[in-house]
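The values are calculated or read from the model by the stated rules, or taken from the named source; none is laboratory data. Please read all numbers here as calculations on a predicted model, not as lab measurements. Glycine gets a Cβ as well: all are built from the backbone with ideal geometry, and neighbour counts include every protein chain shown. These area figures cover heavy atoms from the full protein model, side chains too; ligands, DNA and RNA do not enter into them. Shrake-Rupley method; radii C 1.70, N 1.55, O 1.52, S 1.80 Å.
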Amino acid sequence: MPLSGKHLLGIADLPVADIRLILNTAKSFREISERPIKKVPTLRGRTVINLFYEASTRTRSSFELAAKRLSADGLNFSVSTSSVSKGETLIDTGMNLLSMSPDIIVIRHASAGAPHMLAAHLKGCSIVNAGDGMHEHPTQALLDALTMEDKKRELAGLKVAIIGDITHSRVARSNALLLKKMGADVWICGPPTLIPVDFASYGVNVTYDMKEAVEEADVVMMLRVQLERMKEVFFPSVKEYFSLYGLDRKKLAWAKKDAIVMHPGPINRGVEIDPDVADGTDSVILEQVTNGVAVRMAVLYLILGASEEGSK
Amino acid sequence: MPLSGKHLLGIADLPVADIRLILNTAKSFREISERPIKKVPTLRGRTVINLFYEASTRTRSSFELAAKRLSADGLNFSVSTSSVSKGETLIDTGMNLLSMSPDIIVIRHASAGAPHMLAAHLKGCSIVNAGDGMHEHPTQALLDALTMEDKKRELAGLKVAIIGDITHSRVARSNALLLKKMGADVWICGPPTLIPVDFASYGVNVTYDMKEAVEEADVVMMLRVQLERMKEVFFPSVKEYFSLYGLDRKKLAWAKKDAIVMHPGPINRGVEIDPDVADGTDSVILEQVTNGVAVRMAVLYLILGASEEGSK
Amino acid sequence: MPLSGKHLLGIADLPVADIRLILNTAKSFREISERPIKKVPTLRGRTVINLFYEASTRTRSSFELAAKRLSADGLNFSVSTSSVSKGETLIDTGMNLLSMSPDIIVIRHASAGAPHMLAAHLKGCSIVNAGDGMHEHPTQALLDALTMEDKKRELAGLKVAIIGDITHSRVARSNALLLKKMGADVWICGPPTLIPVDFASYGVNVTYDMKEAVEEADVVMMLRVQLERMKEVFFPSVKEYFSLYGLDRKKLAWAKKDAIVMHPGPINRGVEIDPDVADGTDSVILEQVTNGVAVRMAVLYLILGASEEGSK
């Protein structure tokens, strides 16, 4: 069964059936990376272009390995911000790449909506959003969901606390959207200056009190603090931030006994998370990375399966 | 039938029979990129090194995909200009790469003649010129020729107008050389400050009047304006440049009704070409990109075929 | 027969039997790079990550080609120094990469001991040291040994002179360690400011007089002068350095008639070596590069063979 669409642009428009299909496929693909020969011929001769307008060695590497393990041919096309200013438009770059006959373009871009714009203009090729501005990061939410399911059986009914700089986080947005679709009880928490007003419309609970968010939670998901943003005075100091919203053993004790700790990485030790907790037995941060490769394999595989069936 | 030589250094020394062979081979290879499985085992186990001294994501990607679709192993070896200054000489770098047993080195370099120097010193490996200074860019001329043949049947007798900054354009030079060899009627046009004296010796027509160049043309090929060069006062302003040498619907109307519009990319919308024309039905700019992959596949394939036959 | 350990961290801890095994395996692999189809399926589906914290196109390319010729999947993960400062720790980056299920991580790092730290923390993956600070560069010493054996039959009893900036050279350190293990007579020579005190403990001879080092030598190994370090006043001028420690025909005449000249590259012509000598018939500098690919193929192959046998 293919996906209902040929692109993966965000969680907002992704039907629950597609989410289920991706998670189940990822589970069956995970085993490939555990073999001595970590490779299946499924996508041999397919071309996957990683079009990255932001440096992101981690996400790009995850997509690159996913493509290689399915035997697809990958091409990294990195555009530095500096060359964009004097260079061609996103659509022109996309049309040029399309003329080289890729099957999938994976795009990371600093502007929200860039993948959607590509998808609207580039007929005959699938687009996967690998993070667009402060908007969405769908494969991150999918790998997070896979990790939660592994540990907690099902997403429905879970209390998930997402803590930190919500405003600038595409991870928070995609996770909130996905978790609500799957029936979880989502709590958003951070300094008032870092929570956008529109989040309430997603049906999530918003609080500035970390205790209220974490209390009896099944999952505590910490977001990365962008230290560069400290200067913009969203919060006064690292020390004060950590005392209010950093996760240490004391605050984690508010959650359920078997709660898991998540983080999209890379972590800032001592800023948003205590090393004790990051390296503790409740932490599933590294399993998230492993699931990232499996989810991206599933997405590439299902998208190419879907387009083969001729769906639009 | 192999090529007559083991290198592709420029159009100047390329016999007409070789040009024909590359174009015909490219036509037959084009279909590979249209398959679901875009890959043939032809060059399995061959090593192609992309040695790029200038940033050029587009040309490098085209060569990289060409190599992958023929199942060759590619290696990108980028040398930033800064490290060249304190680093080893071109020949030393080349000899080092040669010691890793590549079959082909594809080189892009800011200095005219760099590929020829490599070819003279590196015995046992083929050199392909991917652009050397303001000198030649042979695969660009070949992909342009392929595009013209597709649309106009044969090159002989075509009126081709090449418009813009001729002085700094290896694209113009390689195209002029190839088109003259194939019997086309070539018109070179641009501001007097941007046309070099030696072009007359190629047997092309030179004019500063765009109407004369474009009138009854079968092909209008626009060159990219290097905005950095505007500062060097080769022409007074973008607006004035566009009014004299930019291609819009009005100027295009001077050409034949079925004339095609070409551009090596990336285009500067509104500088040398009007968006209307770039995106219009006469534009074959994106087909040039598609043909670029096919031509490069043909070149890699024929060169390795040729060297196998033991030709020097 | 596998290696005795699952990592290659340095020559210091490498048993003589392992050195022999790597050299012999490399000899048998060298032939692969001479075939038209330079590829064997030995490591198909294995993942080799090149984790480079220092720019090193040459060493990275050598490892990359070695992996490709064994059909392994390679991933380049480059971390610029700037991003390290605000980024995650080495161990966190390593643990993240480990979560993507690589078989081998090849690491180049500016700090001595970085590979050992990774090896201590990353269970389930092999680590290969591609150069750590001023400490070791084991594959360089192995490829140098292979080159000497080719030319001189056996290492035992050879007089090897290593000349230049010893203090900052991981190449000198790894070579001295390996050559002593194999029974060679090692002479270290350079300006007093550039020879560290601890070298005497390796059982090598130390002299500041180039004639004493080179006299009757079988091998003269020149080290690269880091021109950046000239400013740190370790020696007064290029001209004076060359007159005392640069290798020209006159100084080479002190060595045995059939002495070979080596250099890890890239060479500074006229600084530490005269072009005459670098390009002369005694120079085996380019054979070192060729042997580099073969040695790295052997290391990747033997390490994965070793871990397959279940050794720790």
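How high is the FRET efficiency from A:GLN226 to C:LYS257, r the C-beta distance, R0 60 Å, rounded to 0.05?
Details: r = 65 Å, r/R0 = 1.09.
Computed FRET efficiency for A:GLN226 and C:LYS257 comes out at 0.40.
Label points for C:ARG35 are taken 7 Å from Cα along Cα→Cβ. From this copy to the others they lie 2.3, 2.3 nm apart, shortest first. Interface burial in the range C:242-279, defined as at least 40 Å² less accessible area with all protein chains than with the chain alone at a 1.4 Å probe, covers C:ARG269. Accessible area per residue for the range C:1-63, computed on protein heavy atoms with a 1.4 Å probe, is 40 Å². Report summary: the helix-based calculation at 222 nm, which adds -39500 (n - 2.57) for every DSSP H run with n ≥ 4 and divides by the residues of chain A, gives -12000 deg cm²/dmol.
Would you work out the charge dipole size for the protein assembly as shown about its Cα centre, treating the Cβ of every Lys and Arg as +1 and the Cβ of every Asp and Glu as -1, and quote it to the nearest 20 debye?
Details: 111 positive and 111 negative charges, 304 e Å.
The calculation lands at about 1460 debye.
Mind running the shape call on the protein assembly as shown? Use the C-alpha gyration tensor, a ≥ b ≥ c as the square roots of the eigenvalues: rounded below 1.5 for a/c, prolate if a/b tops b/c, oblate otherwise. Here the protein assembly as shown falls in the oblate category. Measuring nothing but how far apart in sequence close Cα pairs (under 8 Å, 6+ apart) lie, relative to its length, the range C:3-97 scores a relative contact order of 25 percent. Charge tally for B:ASP150 (other residues, Cβ to Cβ under 10 Å; Lys, Arg +1; Asp, Glu -1): +3. Both radii are taken from the alpha-carbon atoms of chain A; with Rh as the Kirkwood radius, Rg/Rh is 0.97. With the simple spin-label model, which puts each label point 7 Å out from Cα in the Cβ direction, the B:ASP198 to C:LEU244 separation comes to 4.8 nm. Summed over both chains, the contact between A and C buries some 2000 Å² of accessible surface at a probe radius of 1.4 Å.
The angle between the Cα long axis of helix B:170-181 and the main principal axis of chain B comes to about 90°, on a 0 to 90 degree scale.
Among the trypsin sites (Lys or Arg not before Pro) found in the range C:146-217, those both in a DSSP coil and sparsely packed, with 16 or fewer other Cβ atoms within 10 Å of their Cβ, are C:ARG153. Compared with the dominant principal axis of the Cα atoms in chain B, helix B:285-308 is inclined by about 30°. Per atom type, the range A:48-181 shows carbon and sulfur on 53% of its accessible surface, probed at 1.4 Å. Remark on B:VAL128: its backbone amide H falls under 5 Å from those of B:LEU8, B:ILE105, B:VAL106, B:ILE107, a criterion applied only to residues 5 or more positions apart or on other chains, H modelled at 1.01 Å from N.
The alpha-carbon of C:LYS6 sits under 14 angstrom from the alpha-carbons of these aspartates and glutamates, leaving out residues fewer than 8 places away in its chain: C:ASP18, C:ASP103, C:GLU308, C:GLU309. Rounded to whole numbers, the Karplus 3J(HN,Hα) couplings from phi for the range B:105-117 are 10, 9, 10, 10, 8, 6, 9, 4, x, 4, x, 5, 5 Hz, using 6.51 cos²θ - 1.76 cosθ + 1.60 with θ = phi - 60°, and x at Gly and Pro. 3J(HN,Hα) couplings calculated from phi for the range A:248-264 with the Karplus curve 6.51 cos²θ - 1.76 cosθ + 1.60 (θ = phi - 60°) are, in sequence order, 10, 4, 5, 5, 5, 5, 5, 6, 4, 4, 9, 5, 10, 10, 10, 6, x Hz; Gly and Pro show x. With contacts taken as Cα pairs under 8 Å at a separation of at least 6 residues, chain A carries a relative contact order of 22 percent. Ranking A:LEU14, A:LEU3, A:ILE32 by how far each Cα lies toward the positive end of the dipole of the range A:1-72 (charges on Cβ) leaves A:ILE32 at the top. Each copy carries B:PRO196; placing its label point 7 Å along the C-beta direction from Cα gives inter-copy distances of 5.2, 5.2 nm, listed from smallest up. Considering only A:ALA278, A:ALA112, A:ALA120, the Gaussian network model of chain A with Cα springs below 10 Å gives its largest mean-square fluctuation to A:ALA120.
Plainly put, the tip 7 Å out from Cα toward Cβ on B:HIS121 is 4.3, 4.3 nm from that tip on each other copy, the closest given first.
Excluding ligands, DNA and RNA, the accessible surface per residue across the range B:239-282 is 47 Å² with a 1.4 Å probe.
One residue of chain A places its C-beta nearer than any other to the axis carrying A onto C; that residue and its whole-Å distance are A:ASN76, 5. Evaluating 6.51 cos²θ - 1.76 cosθ + 1.60 at θ = phi - 60° for every residue in the range C:183-191, the Karplus couplings come out as x, 7, 9, 9, 10, 9, 8, x, x Hz, glycine and proline recorded as x. Relative to the longest principal axis of the C-alpha atoms of chain A, give the angle of the C-alpha long axis of helix A:138-152, reported between 0 and 90° and rounded to the nearest 10°. The two axes meet at around 60 degrees.
Full extension of the chain segment joining B:ALA12 with B:THR207 gains 67.9 nm, where the gain is 0.36 nm per residue of separation less the Cα-Cα distance. Of all lysines in the structure, those lying under 21 Å Cα to Cα from A:LYS151, and not within fewer than 8 positions of it along the same chain, are A:LYS27, A:LYS159, A:LYS180, A:LYS181, A:LYS251, A:LYS256, A:LYS257.
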